[in-house]
1. Quick check, is T202 closer than 26 Å to V112 by Cα, in a helix (DSSP H, G or I), outside the structural domain of N270 (by TED's automatic domain parsing) and not charged (D, E, K, R)?
2. Let me confirm something: among E301, E320, E324, which residue is buried (at least 18 other Cβ atoms within 10 Å of the Cβ) and in contact with a helix residue (DSSP H, G or I) (Cβ under 8 Å, 6 or more places away or on another chain)?
3. Considering the range 214-238 alone, what residues qualify as being closer than 26 Å to L397 by Cβ, of a type in the set (A, V, I, L, M, F, W, C) and either outside the structural domain of K333 (by TED's automatic domain parsing) or not in a loop (DSSP other than H, G, I, E, B) (or both)?
4. Residue by residue through the range 60-75, note down the ones that are over 24 Å from E141 (Cβ atoms), part of a helix (DSSP H, G or I) and not basic (K, R).
5. Quickly run through the range 75-114 and pick out the residues that are in contact with a Ser or Thr (Cβ under 9 Å, 6 or more places away or on another chain) and without any contact (Cβ under 8 Å) to a residue 60 or more places away in the chain.
6. May I ask you to list the residues in the range 15-59 that are part of a helix (DSSP H, G or I), basic (K, R) and within 30 Å of L148 (Cβ to Cβ)?
7. Would you confirm whether or not the range 204-219 contains a residue that is out of contact with any helix residue (DSSP H, G or I) (no Cβ under 7 Å at 6 or more places or on another chain) and basic (K, R)?
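The values are calculated or read from the model by the stated rules, or taken from the named source; none is laboratory data. Values in this document were obtained by computation on a predicted structure and should not be read as measured data. We place every Cβ from the backbone using ideal geometry, glycine too, and count neighbours over all the protein chains shown.
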Amino acid sequence: MRILLINPSYFSPREAAKRFQKYKQIIKSGNMYVHPFEPPLGLAMLATFLNKKGYKAKLADMQGEYLTDEALKRILVTYKPELVGITAMTPTVHRAIKIAGISKTSLPSVPVVMGGVHPTVDPESILTTEVVDYVIRGEGECSFLNLLSNHLVPTTEMTGISWKNRDGSVIITDKSPLIKNLNILPVPDYTLFPVETYIDYTSKLRGIRAISMMISRGCPYQCSFCAVSETMGSSFRILEPEKAAQQMIDLCKKFDLEGVWFKDSIFNLNPKWTISFAKYLILQKNPYKFQINTRIDLIREKEIELLKKSGLTQIDLGIEAGTEKSLKRLNKKITLEQIRSAVKLLKQKNIDISGFFMIGIPGEDEADIQCTFDLVRDLKLNKASVSIFTPLPGSKLYQEIMSENDACRDLKFYETHHFTETKKSYCHVPLKRLKELHQIMNSYFVKR
């Protein structure tokens, strides 16, 4: 069976080009939000998985290939897939629905399945459109395979697959069971997407010739603004340390990289795993650099020393806010003292630091945002990503806001909402002023 997996773009090719030129200096300062442009690793994994099972899965990366809607139509008509799969995050769900419509217009008899973060947490709104036949909820590999193996005829016993009957009624099932052992999954084929395009962008964002990797799934933390635990589960799973390290080395060799960026939210959750990973790289005399994301309360001196020796050059920290009030609202379970202590330690070890910050958090006033800006300046980080609060379906804060604002239920609502774009303020600061403060914080890192 021929399967076309489609990665929607955040913006049209023309809009993306304009946005990159507008924000290129901010991108170089480390802000990944102003021009989101990450390789579709999830779709690459799914395509690789299906191809190894004997299917013919191809990836159409509208973002990385800068595909117009007309170009996608040509691909659909030429490739003639027997099934179309589309991934959707909340900021891209409106585009994903439009793409599903293009597929139905071009190939009316070909079923459309949608997966990803947004369909996982809100499958009914996707299936009540006229252009999506199935939704895969949660981790897609096994559920997608089950749907194919059952000749696209799902049953209520097949968890992870929701669908629409011919009479228009919608059947919602539980999310897919978590894949407990990630080591059974293949190494995603990076040649399925335009890898050099992503390397070029990552080089500008991260400062080295690199590309991102993902080696874990799930998160045991319950930050109120995040939906990861709802989509990938609260059970943290990760590749064996030696396997993860060797995949990094192989990837760097294959594409002549200086290093990689592990995009996993909490790279070093398990101290034993982290030490084994570092020791393997040291034993292999690893010549490549790597950068990671982690939490403030996971910065441990001995691990950092070992990771640095094995190639670590930068850590991105989820700091988010500069007041204890906002940290509590976000359920970060960290303190300002912990933030300062962790940053001080990393500086002592000569590790570059980037920070994730958020403004416009519900309950904030301008004084709170100023405290966050003061913290940004006091910490003297190398880089930062500053976002404007966006209510993400599946998060605790979204549930609170949705009860007060039914607009959040409408898919069209997210056409104008992104981590740096919003038409609504959820805090006590007027929208116009909130956007001004966001620009001021971003400019700080450009002008330093």
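1. Details: closer than 26 Å to V112 by Cα: no; in a helix (DSSP H, G or I): yes; outside the structural domain of N270 (by TED's automatic domain parsing): yes; not charged (D, E, K, R): yes.
The answer is no for T202.
2. E320 is the lone residue from the list that is buried (at least 18 other Cβ atoms within 10 Å of the Cβ) and in contact with a helix residue (DSSP H, G or I) (Cβ under 8 Å, 6 or more places away or on another chain).
3. Selection gives V228 alone.
4. Quick first cut of the range 60-75, residues over 24 Å from E141 (Cβ atoms) only: 66-74.
From what is left, the residues that are part of a helix (DSSP H, G or I) are 69-74.
Listed by number, the residues that qualify are D69, E70, A71, L72.
5. V77, A100, G101, V110, V112, M114
6. Of everything in the range 15-59, just one residue is part of a helix (DSSP H, G or I), basic (K, R) and within 30 Å of L148 (Cβ to Cβ), namely K52.
7. yes
Yes/no matrix, rows are residues, columns are (1) closer than 25 Å to Y23 by Cα; (2) in a loop (DSSP other than H, G, I, E, B); (3) modelled with pLDDT of 95 or more:
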residue: F356; (1), (2), (3): yes, no, yes
residue: V376; (1), (2), (3): yes, no, yes
residue: T390; (1), (2), (3): yes, yes, no
residue: I401; (1), (2), (3): no, no, no
residue: C408; (1), (2), (3): no, no, no
residue: H417; (1), (2), (3): yes, yes, no
residue: C427; (1), (2), (3): no, yes, yes
